[in-house]
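Visitor: Here you go, one structure.
The values are calculated or read from the model by the stated rules, or taken from the named source; none is laboratory data. All values derive from a computational prediction rather than experimental measurement. In this analysis, Cβ positions are derived from the backbone assuming ideal geometry, glycine residues included, and neighbour counts consider all displayed protein chains.
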Amino acid sequence: MSANLFNVEDTIILVSGGSRGIGFAMAEAFAEQGAQVIITGRNEDALIEACESSENFRYPITYRICDVASEAVINACVEDVVAEHGRIDTLINSAGINKRMPAVEYTADEFDQIMHINLRGAFLMSQAVGKVMIKQGSGNQINIDSLSTHMPLTQILPYAMSKAGLSNMTRGLALEWGKHGVRVNAIAPGFILTDLTQKMWANENMLAWHKVTTPLERMGQVDDLVGTAIFLASAGSAFITGQIIRVDGGATAGTHWPIAGNFDVTHNT
């Protein structure tokens, strides 16, 4: 087995939505492994703050301002990255938004905004980077999916719908681009503690529910996702494409039986 099987050193990694949360955790992890990482987002102050944490890495993280709602901005961003680095080895699509409310309360504009960012934006970014990867004859794309595509949750229906579309996009692009040496996979995180979900998981009832429904009985951390991302970007996953890998502590493995203790359910005959 090659010692470099999971090596991502010197690779060019573009992280869409990389200024905080899952995207930033992945950006930082790749930079720690010696990759050249470029993060994108809309908020320049947040991007600058994220990059400051990487000053001691071999390649400090750099940034580009990029709004995935704009096709022109996406194309310009990708062209700029290629002009500077010559290629893109891995794209991580992590930009996304969510709004929690009952399905009957979403306005058409709120629904469209979620779809526009989470699905259309991801597609346009994948498309722009895919053209580069097809031309260079290699590349990896990693989409940040959700367990809600397998197990829909209440009050986030448009989000779940957008991520279901992302799952099919992952498989569809893998089918089209495999012959060009481009692999496309997705990571479906479980319940992960981030700056955006911290308030929700501070609720004791939510934590108790999570412990019952997750076999590993702990909250997921953003760092729990980075190993899978590095694996998917490395030679270790060279024969894997079109897959959605759930990193969820076992939450989607099955359902806990709510009755404790032993009892006889034998039928008399």
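Visitor: Going by the conditions given, is residue 57 within 14 Å of residue 229 (Cα to Cα) and either in contact (Cβ under 8 Å) with a residue 12 or more places away in the chain or out of contact with any Cys (no Cβ under 6 Å at 6 or more places or on another chain) (or both)?
Guide: no
Visitor: Another question about this same structure. Only one residue in 169, 206 is touching a residue at least 24 places away in the same chain (Cβ under 8 Å) and in a helix (DSSP H, G or I), so which one is that?
Guide: Unique residue meeting the criteria: 169.
Visitor: Give all pairs with beta carbons closer than 7 Å in which a residue from segment 60-80 that is more than 14 Å from residue 91 (Cα to Cα) meets a residue that is in a loop (DSSP other than H, G, I, E, B); count only pairs at least 6 apart in sequence or on separate chains.
Guide: Going by the 7 Å Cβ cut-off, the qualifying pairs are 60/54; 61/54; 65/42; 67/42; 73/66; 73/67.
Visitor: What number of residues within segment 161-193 satisfy the criterion of being among the polar types (S, T, N, Q) and in contact with a strand residue (DSSP E or B) (Cβ under 9 Å, 6 or more places away or on another chain)?
Guide: Count: 3.
Visitor: Still on this structure, please answer the following. Among all residue pairs at least 6 apart or on different chains, which show Cβ distances below 7 Å where the first residue, located in segment 97-113, is within 13 Å of residue 154 (Cα to Cα) and the second is not in a helix (DSSP H, G or I)?
Guide: Partner pairs satisfying both residue conditions: 98/156; 100/155; 100/156; 101/155; 102/155.
Visitor: Consider residue 239 carefully, then state whether it is at pLDDT 95 or above, part of a loop (DSSP other than H, G, I, E, B) and out of contact with any strand residue (DSSP E or B) (no Cβ under 7 Å at 6 or more places or on another chain).
Guide: yes
Visitor: Let me ask something additional. Out of everything in segment 65-74 that is buried (at least 20 other Cβ atoms within 10 Å of the Cβ) and either among the small types (Gly, Ala, Ser) or under 18 Å from residue 24 (Cβ atoms) (or both), what residue ends up being nearest to the chain's Cα centre (by Cα)?
Guide: Only one residue fits best here, namely 68.
Visitor: Now a separate question. What are the residues in segment 26-54 that are polar (S, T, N, Q) and either touching a Cys at 6+ places or on another chain (Cβ under 9 Å) or surrounded by 14 or more Cβ atoms within 10 Å (Cβ to Cβ) (or both), if any?
Guide: 33, 36, 40, 53, 54 - these are the residues of segment 26-54 that are polar (S, T, N, Q) and either touching a Cys at 6+ places or on another chain (Cβ under 9 Å) or surrounded by 14 or more Cβ atoms within 10 Å (Cβ to Cβ) (or both).
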